[in-house]
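Here, each number is a calculation from the coordinates, and none is a lab measurement. Remember, it's a predicted structure, so these values are computed and weren't measured experimentally. Here the Cβ positions follow ideal geometry from the backbone for every residue, glycine too, while neighbour counts run over all protein chains shown.
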Ligand code: NAD
């Protein structure tokens, strides 16, 4: 199987690397040539542009920041739709909005090229270890061809339905994940302000039904030890919670917690936290309340 892989950032690099390390033939492309060069050194072929990554590919994946980049790479001049053989499959793994994924599905259906979406769940640290989860939306007839490829990048694949249903599932998933950023932050800043021992509080909160995956798995390895380097970049988090908020608006579903968390993300970005991990919301919340940053000992 020849695989094209476009977008080698925090997530795409690790996913493409898993394919290469498991012996797949992978042709990679990113505007950042350095990322592609690193994978070339590990056995990938490096394409000079999107067209080259599509040439002779059985499957092409994109893992790009958001709707704007995906639409440009997939449907733009010199894009995937102009270059992919009709027998190939194109799967977008980026997190985009419903309108974007539906536009992609329609455009590729019109061209007679199979299309699916497979946004990725779990943390960047899981992608590094080949332990990602995929929310796959594609016509069931393609599962025998594509599922084995996903199991070379991760451990779990859910077939959520037709093309577009992966994205719909991911929006709901990330709305919950990102709302927890705010809930965790309010809880931790309050716990510290009430004079509690944070280590003990943390153990209690992760051992009861208050527990959430973000708090349990991510917080102790990121903000609570002072590591704000992006696993999940704050700007991407803001994009994702905005996608959920916008989906609520267009479906006329009220999402008050989501909308509040979205505004806090915007405030944190405006305060200068561009380039930090989403867990930096906890430090932002402490700063806003003139309290020290909560840290585990
Ligand atoms: P990133 O910003 O680290 O990487 C994006 C990559 O795309 C960069 O290397 C960039 O150079 C490349 N790129 C941008 N435009 C391009 C173009 N026109 N042609 C070729 N390459 C181009 O982002 P990431 O953290 O890897 O996230 C990618 C997607 O996955 C996003 O949609 C994000 O929301 C989603 N996601 C992220 C996480 C996470 O924890 N980081 C987890 C799950 C899903």
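Which of the residues that make up the stretch 237-246 are within 14 Å of the ligand (Cβ to nearest atom) and either in contact with a helix residue (DSSP H, G or I) (Cβ under 8 Å, 6 or more places away or on another chain) or outside any helix (DSSP H, G or I) (or both)?
Of everything in the stretch 237-246, those that are within 14 Å of the ligand (Cβ to nearest atom) and either in contact with a helix residue (DSSP H, G or I) (Cβ under 8 Å, 6 or more places away or on another chain) or outside any helix (DSSP H, G or I) (or both) turn out to be 237, 238, 240, 241, 242, 243, 244.
Taking the stretch 77-92, which residues are within 12 Å of the ligand (Cβ to nearest atom) and either buried (at least 24 other Cβ atoms within 10 Å of the Cβ) or part of a helix (DSSP H, G or I) (or both)?
80, 92
Go through (1) surrounded by fewer than 24 Cβ atoms within 10 Å (Cβ to Cβ); (2) more than 10 Å from the ligand (Cβ to nearest atom) one by one and return the number of the condition residue 60 breaks.
(1)
So, in the stretch 31-50, of the ones that are away from the ligand (no atom under 12 Å from the Cβ) and part of a helix (DSSP H, G or I), which residue ends up surrounded by the most Cβ atoms within 10 Å (Cβ to Cβ)?
Residue satisfying both the conditions and the ranking: 40.
Of the residues that make up the stretch 184-194, is at least one surrounded by 15 or more Cβ atoms within 10 Å (Cβ to Cβ) and closer than 19 Å to residue 122 by Cβ?
Yes, the conditions are met somewhere in the stretch 184-194.
Are there any helices (runs of 4 or more DSSP H) wholly within the stretch 93-207 with 1 or more residues that are within 23 Å of residue 17 (Cα to Cα) and more than 13 Å from the ligand (Cβ to nearest atom), and if so which? Explain how you work it out, then say what you get.
Details: elements: 98-111, 124-128, 143-150, 165-193, 198-205.
Correct list: 143-150.
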